[in-house]
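Student: If you scroll down you'll find the structure; I have some questions about it.
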Amino acid sequence: PTPKTEHSQQAGRILLIHSEGNVNNNPNLSGLVEILCEQGYQVDIASPRRKGIVQKSPHANARLLLVDDKRAKVAGELVLLAGKPLSTAQEIASAVGAIEPYDFIFGVDRAIIEASIIAHARNNPYGLISYEIFFAEEAGADYKEPEIAACRDIAFAVCQDPVRGGCLSRENQIPLDKMIYIPVAGRGIV
């Protein structure tokens, strides 16, 4: 079979929630978005608008949905938590009906909380892309528990290697067989 390109029929729609907003400064994440787009997926990247950094779509089949304020509305009523309890699960869940339909939802780091809420309300599969591991002994149980709960039903978690995968598995209570290892690197050849 021939691989899908940006000119072939769309494979599906993916929502990627990224609270850092620096997809262009993250060669690994922008590379993952490019690969998904090259395979025919439409990828929407929801992020807060950040002054002082480049924020543009990494691919023609990717839309960057920038939120001007953590309570702003994007793609209907999408609200970015950005790792802070600015919106309750009930507020997000009540707004899910206005969010466009997606086939899969990714949450990057703490955005897994929103990905989980949206995915459960829409009966969508979802996954975690992990760049940072927040340890309960440092962050506290109150901070960590929503993240652990959000990881309970993930389809898979992406992290850089088996060592980090082991830590992520313990901290977020994710079975090791749900780990996918992708080295943190860009697509370029060095």
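Student: Filter region 143-169 for residues that are β-branched (Val, Ile, Thr) and part of a helix (DSSP H, G or I); which is most open to solvent (accessible area, probe 1.4 Å)?
Tutor: Among residues in region 143-169 that are β-branched (Val, Ile, Thr) and part of a helix (DSSP H, G or I), the one most open to solvent (accessible area, probe 1.4 Å) is Val163.
Student: Within region 170-187, can one find any residue that is open to solvent by less than 20 Å² (accessible area, probe 1.4 Å), among the hydrophobic types (A, V, I, L, M, F, W, C) and over 16 Å from the mean Cα position of the chain (by Cα)?
Tutor: Yes.
Student: When both residues are 6+ apart or on different chains and their Cβ atoms are under 6 Å apart, which pairs have a first residue that lies in region 53-74 and is within 14 Å of Gly21 (Cα to Cα) and in a loop (DSSP other than H, G, I, E, B), and a second that is modelled with pLDDT of 75 or more and basic (Lys, Arg)?
Tutor: Asp68/Arg49
Student: Pull up region 6-60, narrow it to residues that are touching a Phe, Trp or Tyr at 6+ places or on another chain (Cβ under 7 Å) and under 22 Å from Ala185 (Cβ atoms), then point me to the one that is surrounded by the most Cβ atoms within 10 Å (Cβ to Cβ).
Tutor: Leu16
The values are calculated or read from the model by the stated rules, or taken from the named source; none is laboratory data. The structure presented is a predicted model; accordingly, all values stated were derived computationally and were not measured. Using ideal geometry, Cβ is built from the backbone for each residue, glycine included, and neighbour counts are taken over all protein chains shown. The accessibility values were calculated without ligands, DNA or RNA, using every heavy atom of the protein model including side chains. Shrake-Rupley method; radii C 1.70, N 1.55, O 1.52, S 1.80 Å.
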